[in-house]
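Visitor: Sharing a structure, written as structure tokens. Questions coming.
The values are calculated or read from the model by the stated rules, or taken from the named source; none is laboratory data. The structure presented is a predicted model; accordingly, all values stated were derived computationally and were not measured. A quick note on method: Cβ atoms are made from the backbone with ideal geometry, for glycine too, and the neighbour counts reach across all protein chains shown.
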Amino acid sequence: MKLIAFGGSNSSKSINKMLATYASSLFENAEVEILDLNDFEMPLFSVDREKEIGQHETAKKFLAKLASADILVISLAENNGIYSTAFKNIYDWCSRIDNEVFQQKPMLLMATSPGGRGGKGVLDFASSNLPRHGANIKALFSLPSFYTNFDVENKRISNAELDSELKEIITNFEA
């Protein structure tokens with residue numbers, strides 16, 4: 001089973017990438033590939049730019065990565081209640097090539113933030129929006145207060161209750 005995971009941020013210290021990486025490590029017998037959105041940077045999408053350059057090759061590469069997966073693990077950064085610009089730009093370029101961006105792959109959709117809501121705004125938005133573009137969301141997980149509940153040094157959730165919740169979600173996901 002191949003699993004593709006990424007954090008929906010282009011931050012070099014992305015807490016969402018850390019969460020996605022940790023969650024993907026909990027899947028048994030999975031070949032895991034962690035994507036970095038910085039490897040898929042493209043000019044800001046516009047129909048004028050698309051008309052000028054056509055389908056962006058980097059977007060095609062991103063779609064090919066998603067196509068290679070059996071499972072997607074995505075942890076979205078929340079910027080003002082919605083996606084980060086980095087994720088949204090990739091999403092926009094890809095959706096012009098294939099409206100089914102996420103290709104009906106089973107998805108664990110997550111978010112975290114330093115605040116107490118744990119990215120719930122972006123999770124609410126994404127869980128209603130992404131399925132229109134081929135997201136087969138099987139489970140949602142929010143990690144509030146990242147720096148309180150995640151051990152950055154050991155790269156794992158430090159809050160036993162939240163860690164147990166994520167592990168149960170993954171156990172059920174795999175079943």
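Visitor: If you scan region 90-136, which residues turn out to be acidic (Asp, Glu) and without any contact (Cβ under 8 Å) to a residue 40 or more places away in the chain?
Guide: If the condition is that a residue be acidic (Asp, Glu) and without any contact (Cβ under 8 Å) to a residue 40 or more places away in the chain, then 98, 100, 124 are the ones that fit.
Visitor: Kindly list the number of the only condition in (1) aliphatic (A, V, I, L, M); (2) in contact with a helix residue (DSSP H, G or I) (Cβ under 7 Å, 6 or more places away or on another chain); (3) assigned to a loop (DSSP other than H, G, I, E, B); (4) under 26 Å from residue 174 (Cβ atoms) that fails for residue 63.
Guide: Status for residue 63: all satisfied but (3).
Visitor: Exactly one condition in (1) surrounded by fewer than 22 Cβ atoms within 10 Å (Cβ to Cβ); (2) outside any loop (DSSP other than H, G, I, E, B) is not met by residue 13; state its number.
Guide: (2)
Visitor: Would you say residue 35 is surrounded by 15 or more Cβ atoms within 10 Å (Cβ to Cβ), free of Cβ contacts under 8 Å to residues at least 40 places away in the same chain and among the hydrophobic types (A, V, I, L, M, F, W, C)?
Guide: Yes; evaluated as a whole, the condition is true for this residue.
Visitor: Same structure again: Could you please tell me which pairs satisfy a Cβ distance under 6 Å, a separation of 6+ or placement on different chains, a first residue in region 65-89 that is under 14 Å from residue 8 (Cα atoms), and a second residue that is modelled with pLDDT of 95 or more and basic (Lys, Arg)?
Guide: 72/105
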